[in-house]
Structure formats: C-alpha cells, structure tokens
Amino acid sequence: MIPLTQARENFVNKLKNKGRAEATIVAYGKDIEQLLDFAERKDLKHAHEVNKKDIEDFLKYLSDNDYTKKTISRKINAIKTFFKHLLDEGHVENDPAQFIQHPKLEQNAPRILSKIEYRALRDTVREDIRTRAIVETLLQTGVRISELSSIKINHVKFSNETHGTLEVPGSNSTPGRTIPLNKTVQEAIREYMEDRPESESSFLFITKTGNPLLIRNIRATLARYFKQIGLDDVTVNDLRHTFVAEHLKRGASVLLVSKIAGHKRLTTTENYLKYIERKESGLGELEEL
C-alpha cells in the first residue's frame, strides 16, 4: 500500500526520467498535488483507496469553483497519466480514472473581419510596403503565420496573367500545397521585393538588417496596426479565419478552400459554415478579397 504522497513523488520522478518537458512535469505535479489535497479532506491516504467517485467529486469541486472546462480537461490528463503509472507499477489493481470523461469543450466562434475592418487594415498599412505585402499574403492566401515566416523567394512564382503561385512546403503536421496568387497579392509582393534590403537571406520577408523576419516580429508589427484602427480583439490568425470565411461566403467549394488553407480535416473547413451566410454559386476558383 503506497501512500498518495509517495505515489506523487514517484510519479514526478518517472516523468523526469522519461525526459518529459519541464513545464509538463511542473503542471502535472501541481495537478496531482491538488487531487491529493482533496483526497486528504476525504481522509484518503493511500493510492488504492481512491475510486472513480472520488475523482468525479474532485472534478465537480473544480467546476463549482469556476475552473474552466479546458483547465479541468488538462487536469484529467494528469490524473489519467498518474493512475496509469500506479497501475503499471502494481500499486493499484484497477484504474479508477480509466472511464473518466473529459468535459465537452465549447468551440469559440472564429473572429472574422468584416469588409470594413480588413479594408481599414489595408489602408493603414498602405505606406508600409513590407507590412502591406504581409497583410495581403495572409488575407489572400490564408497561410498560417508560421508558413508566412518560412516563405522563401523561390517559393513565389509570378505570372503575367492574373495568377501566380506560392509553394508552401510540407511539414510533419501539414502536407505541402500550391496556393494561387491573385493580382492584388502579386502586386504587393513585387513592390516589396523592389524595396527589399540587400541580403543573402533566401527568406522573402526580412528585417532592415537582412535577417529573416521572425514570427514574434510579425505578430508585434500587426498588433500595432490592429490597435491603430481599434481592432484590439484581432490577432494575426484571424486574417486566416477571414480568408476561409470570405471564400465560403462567396460560394467557393468547401473542398477547394480546405485544400488551399491546408486543413487536415474537411470538417475543420465545414465548421465555418455555422458562422456565415453562404451563396451557393459553386465557384471553381477563389475571388480576390
């Protein structure tokens, strides 16, 4: 019979030995400590004494004390990992956390900029050539900010007609894809490249000293412009939301928008349909925003 306090200590050491991230070790350690404090109030001192009802009572206590569903879900992960460890070590005969269900998380509605809002953003960045190219790339292609910061000059192919292309390399989590570049975004990128500082860097977007523009630099720059036009609740990722929502509104194929946006699941794209009024025009191509 292992005391709960000793079980927690062994658990934390096991996480360290497995090379888990320090933040995870600290968070899981605190979560289990909180469970043990609750168990102590129920006069439970040993690991085998804790049952499913005790864990459910603890989760209800958290909910009654205004913990968010997301926080409770994280604590459930810690509890499940803790009791699986105890089961593997032979300290309990049954896993009381095995059938504990995560709370259903409510998905927040995406922040979609109105035409007035994204046109105001365009007007505000018009004189900042680099930021204008960044805004148009985000708004007209729907790329993620991590993908934007990774664009290299040779990824961009201009066309004498209305469409060029942007090659987005794949990663471990997302497949590569080719995105059409409309006239507006091509013009913005061309203008930026004429003004781009001399640099040996192969990345498209760079600093004044020629170094690659980092994600945090992009976020900080756009946050300043968002603030200037009173969009304090907008983030860079909301330009991606706007790209998806606007094209779906105009009747573009859900499959096409999903492919261009690089969504791993079609349901991710379909989720936007809850928040828009859609024209069923069946467009084969994307329109300019």
Helix axis angle, 69-88 relative to the chain longest principal axis, alpha carbon, degrees: 50
Amide H contacts of Ala252 (H built 1.01 Å from N, under 5 Å, at least 5 apart or other chain): Leu283
Kirkwood estimate for the range 1-139, i.e. one over the average of 1/r between Cα atoms, Å: 18.0
Most to least packed among 127-140, 16-29, 41-54 [average Cβ atoms within 10 Å]: 127-140, 41-54, 16-29
Inter-part distance where the range 5-25 and the range 219-289 are each reduced to a Cα centre, Å: 41
Per-selection metrics, the chain (Cα): Rg and Dmax in Å: 25.2, 77
Rounded to 10°, Cα long-axis angle of helix 183-195 versus longest principal axis of the chain: 90
Mean-position separation - Cα centroids, the range 185-209 and the range 95-124, in angstrom: 32
Solvent-accessible heavy-atom area per residue, rounded to whole Å², over the range 200-243 at 1.4 Å: 55
Heavy-atom accessible area per residue - the range 119-187, 1.4 Å, Å²: 46
Folded to 0 to 90 degrees: helix 237-249 orientation relative to the chain principal axis, Cα: 70
Mean separation of Cα contacts under 8 Å, 6 or more apart, over the residue count of the chain: relative contact order %: 15
Net +/- balance of residues flanking Val168 in space, Cβ distance below 12 Å, scoring K and R +1, D and E -1: +2
Top of Ser253, Ser63, Ser146 by mean-square fluctuation, Gaussian network on the chain, Cα under 10 Å: Ser63
Residue-normalised accessible area of the range 1-105, given per residue in Å² at a 1.4 Å probe: 61
Carbon/sulfur fraction of accessible area - the chain, other protein chains in place, 1.4 Å, %: 48
Space enclosed by the convex hull of the alpha-carbon atoms of the range 125-200, per residue, Å³: 95
Cross-link pairs Lys157/Lys279; Lys53/Lys84; Lys45/Lys69; Lys70/Lys104 - those with Cα-Cα distance over 20 Å: Lys157/Lys279; Lys45/Lys69
Normalised alpha carbon radius of gyration of the range 166-216 [divisor 2.2 N^0.38 Å]: 1.34
The range 145-256: translational diffusion in µm²/s, Stokes-Einstein, Kirkwood Rh over Cα pairs, 10 °C, 1.306 mPa s: 100
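The values are calculated or read from the model by the stated rules, or taken from the named source; none is laboratory data. The structure presented is a predicted model; accordingly, all values stated were derived computationally and were not measured. All Cβ positions, even for glycine, are placed from backbone atoms using ideal geometry, and neighbour counts span all protein chains on display. Just so you know, the surface numbers come from the protein's heavy atoms only, side chains and all, with ligands and any DNA or RNA stripped out. Shrake-Rupley method; radii C 1.70, N 1.55, O 1.52, S 1.80 Å.
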